[in-house]
Each structure stands twice: as structure tokens, then as C-alpha cells.
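Beneath this line is the structure, given in C-alpha cells, with notes to follow.
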Amino acid sequence: MKNSKLQICDVTIHPGEETNLALPLPEQYSCAPMYMPIRIMHGKTKGPCALIFSTLNGNELNGIEIVNNLMKDMSADKISGTIIAIPVVNVYGLTHFPKRLPSGNLLSECFPGKQDGNYGERLADAFTQELLKKADYCIELQTGDLNHNILPQVYCDFDNKETRKLATVFGAPVVTDVTLEGNSLRQTAEDLGIPLIVYQGGEAMRLDDNAISVGTGGVKNIMQHINILPEQAERDIDPIFSQEESWIISHTGGILHTDTNLGQIIKEGEKLGSLSDPFGTGDIETVRSPHDGIIVGINTTPLIHEGLPLFKVASFIDDKRAETVIEKWNEQQDDDFLS
């Protein structure tokens with residue numbers, strides 16, 4: 001069945017067209033205009049609309065590369081439905097790093113937005129009205145925070161069967177449960193009945209080729225699953241599901257020496273690293289795991305203040321199976337991800 005016309009930003013996109021648009025954003029004090037670049041791929045054949053977006057905080061460089069890689073690999077005459085791709089949602093955050101918004105808060109807390117609200121709420125309103133409400137599926141691309149390297153994983157609400165299925169077919173080794181509480185973007189998507197999953201891998205302000213490759217392949221897997229792309233061979237990844245992840249917090253300051261790797265299975269009481277006095281006068285504090293699990297996040301900066309997160313540990317019902325799944329997944333990657 002032939003696709004219908006699509007209206008975004010007062011522009012009509014016809015079936016079979018690919019176009020770049022610019023969504024006007026709230027003005028700054030200088031009155032200088034700012035726009036959100038949007039890439040549209042509108043297939044000739046009718047199908048679902050997938051919204052893929054990155055850089056909500058302004059520092060997720062891996063997501064920018066994933067979006068651009070995807071659009072290079074696809075064309076409107078080879079897809080069914082529509083792909084709306086946004087490399088950078090928070091243009092202000094990217095151009096004013098490390099400041100995220102003029103108000104300093106998180107854009108994810110501003111949804112669904114207000115036309116007459118603060119900068120973040122106005123941006124969120126434009127995103128919701130012009131883009132989010134046109135989507136049937138949403139994929140957000142994230143990284144860890146600054147100096148926090150994250151094992152590639154997908155976050156979704158386990159209570160939502162549709163998002164759980166999407167997270168499973170993505171192809172990341174770990175799927176983690178998240179609630180709607182505290183994230184107004186996820187809540188807005190839920191209220192609109194739009195399945196939303198979040199892919200996270202690598203760390204902010206750094207390009208990670210492995211995390212980019214996993215993310216690009218994962219989004220393509222989703223596109224095949226929802227029939228935007230032709231279905232390919234069956235994926236040989238059965239991810240492990242984690243209902244709890246927590247950061248180990250530093251009880252003292254110092255220089256961090258790490259003795260573990262992403263994806264490593266660890267036991268309760270096992271040494272993960274140590275903190276030493278930079279002036280060589282204090283004792284060395286050993287950092288140990290509070291419980292069994294797998295390392296899914298590591299602080300990569302050696303300089304640690306008291307109270308900073310050091311290692312993120314995910315808990316599983318069957319840690320041995322979790323280790324097997326991650327090792328099998330790693331063997332299928334182009335590069336050794338866990339070394």
C-alpha cells in the first residue's frame with residue numbers, strides 16, 4: 001500500500017522523498033536564531049514511523065554518529081514507513097557545553113513541555129508536538145556521563161511487553177528495567193502510547209567505535225523487527241535481564257586504580273580497585289564489590305572526590321548464565337569489547 005504525505009514543520013514530505021528540515025528553537029538573549037536539524041526518510045510503501053534521536057543532554061557524541069551512520073546506509077526507496085532521525089535534540093547543550101540548558105536543568109525533565117514555559121519546556125513542547133506525536137516507535141541514544149564508561153545495554157520498562165520485545169531484539173548483551181518515575185520524557189511517551197527504548201553505551205564527549213557499531217546494528221535490528229527494513233537472518237543473541245543496577249560510591253578521595261573490566265563477572269567482596277593518597281601520605285583503600293554481579297559501568301577518571309561513583313554493578317538471578325551471554329556476545333563483535 002502506498003504511503004501517505006507527511007507534514008512536519010509546515011513542510012509536506014511526499015512518499016519516496018528524503019529531506020533535511022530545521023525545527024526553530026526558542027531564541028537566546030542575543031535573538032540569534034537556533035534550529036534543530038531533522039533528517040526525514042519517507043518510504044513509498046506504507047509502514048510505521050520510527051523516531052530515532054540523540055544528544056538530549058548535549059554531550060552524547062556516540063548517538064550523533066549512530067544516527068548519521070544509519071541514514072547513510074538506508075534510502076527511502078528501500079524502506080516501508082518513515083524514519084525521523086535527529087542527531088542532536090539539545091542543540092543549545094551541544095554548543096554551550098557543559099551547560100545543558102539556560103536554566104541548567106535536564107531536558108528529559110521538561111516534557112511534555114509548555115508553549116509559554118521556560119527554555120527547556122518550550123523546546124520539549126516543540127519536540128512533542130512536531131515529532132514525538134507523529135511516531136509509532138521511539139529509540140533514544142545515550143552514553144554514560146562524563147568519565148563514566150558504560151557497557152552497551154538497553155533500558156526499558158519491563159511491565160510494557162512491547163518495549164521489552166524491542167529491547168530484546170536490539171542485540172545488546174544487557175537489558176535493564178527502568179521505571180517511568182523521574183523521567184518526564186518516558187512518561188510522555190507512555191501517555192501517548194508510544195513504545196520507547198533507550199540504548200546506552202560508552203561515555204559522554206568521547207567517540208567509541210565499538211559502542212557506535214553496536215548501536216547502529218541494534219537500531220537496524222529494530223527497524224527489521226517493525227518491518228521498516230526487510231527482515232534479515234535470525235539474531236543469535238539472547239540478552240540477559242537486570243532489574244537492579246547500582247553504583248559503588250567512593251567513601252574517600254584519591255587516585256583510582258582499576259582492577260576490573262566492563263562485562264567482568266565479580267563476586268561479593270572481590271577487589272575492584274583501590275584509592276591511594278595522591279601525596280603518598282595516607283593509607284590505600286581497597287574498593288570491593290558489595291554483592292555478586294557484572295560490571296556494567298566504570299569511572300574512567302583517576303582523580304576521585306569523596307562521594308563520586310566508581311563502579312556500576314548489575315545483579316542477575318543467574319550470574320553464570322549472564323557471564324556466558326556476555327562472552328558469546330563479545331565474540332560476535334568486530335573488536336574485542338571487554339578487554
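Relative to the longest principal axis of the Cα atoms of the chain, helix 319-331 runs at roughly 60 degrees. Under 22 Å of direct C-alpha separation, and excluding same-chain neighbours fewer than eight residues apart, Lys46 reaches these lysines: Lys2, Lys5, Lys72, Lys78, Lys133, Lys134, Lys220. Protection proxy ranking, highest mean first, for peptides 325-338, 149-162, 90-103: 149-162, 90-103, 325-338, where packing is the per-residue count of other beta-carbon atoms within 10 Å, averaged.
Cross-link partners of Lys271 among lysines, defined as those whose alpha carbon lies under 16 angstrom from its own and excluding same-chain residues fewer than eight positions apart: Lys312. Per-residue packing, averaged as other Cβ atoms within 10 Å, sorts the ranges 194-204, 41-51, 7-17 into the order 194-204, 41-51, 7-17, beginning with the highest.
Which shape class, rounded, prolate or oblate, goes with segment 157-243 when its Cα gyration tensor gives a ≥ b ≥ c as root eigenvalues, a/c under 1.5 marks rounded, and past that a/b bigger than b/c marks prolate? It is oblate, given that a/c is not under 1.5 and a/b is not larger than b/c.
So, in Å, what gap is there between the alpha-carbon centers of segment 112-148 and segment 297-339? Here the answer is 29 Å between Cα centres. Close amide H partners of Ser242, meaning residues 5 or more places away or on another chain with modelled amide H under 5 Å apart, are Val175, Thr176, Asp177.
For Thr143, the residues whose amide H sits under 5 Å from its own are Gly201, ignoring neighbours fewer than 5 places away on the same chain, with H placed 1.01 Å from N.
Protein heavy-atom surface of segment 184-292, 1.4 angstrom probe: 45% of the accessible area is carbon and sulfur, with nucleic acids and ligands not counted. Share of carbon and sulfur in the accessible area of segment 80-121 stands at 49%, probe radius 1.4 Å. Against the chain, whose longest principal axis comes from its Cα atoms, helix 209-225 is set at around 50 degrees. Based on every Cα atom in segment 1-61, Rg and the maximum pairwise Cα distance Dmax equal 14.6, 48 Å. Within straight-line reach of Lys161, meaning a Cα separation under 14 Å, sit the following aspartates and glutamates at least 8 residues removed in sequence or on another chain: Asp177, Glu190.
Taking all protein chains into account, the per residue accessible area for the chain stands at 46 Å² (1.4 Å probe). Quick one: grab the alpha carbon gyration tensor of segment 72-229, order the square roots of its eigenvalues as a ≥ b ≥ c, and give me rounded if a/c is under 1.5, else prolate or oblate depending on whether a/b is larger than b/c. Judged from the Cα gyration tensor, segment 72-229 comes out rounded (a/c under 1.5). Residue-normalised convex hull volume from the C-alpha trace of segment 5-102: 89 Å³ per residue. The long axis of helix 161-170 is offset from the longest Cα principal axis of the chain by roughly 70 degrees.
What shape does the chain have by the C-alpha gyration tensor, where a ≥ b ≥ c are the square roots of the eigenvalues, rounded means a/c under 1.5, and otherwise prolate means a/b greater than b/c and oblate the rest? Oblate, since a/c reaches 1.5 and b/c is not below a/b.
The values are calculated or read from the model by the stated rules, or taken from the named source; none is laboratory data. None of these values were measured; they are calculated from a predicted model. Backbone-built Cβ (ideal geometry, glycine too); neighbour counts: all protein chains shown. Protein only, heavy atoms only, side chains kept; ligands, DNA and RNA dropped before computing areas. Shrake-Rupley method; radii C 1.70, N 1.55, O 1.52, S 1.80 Å.
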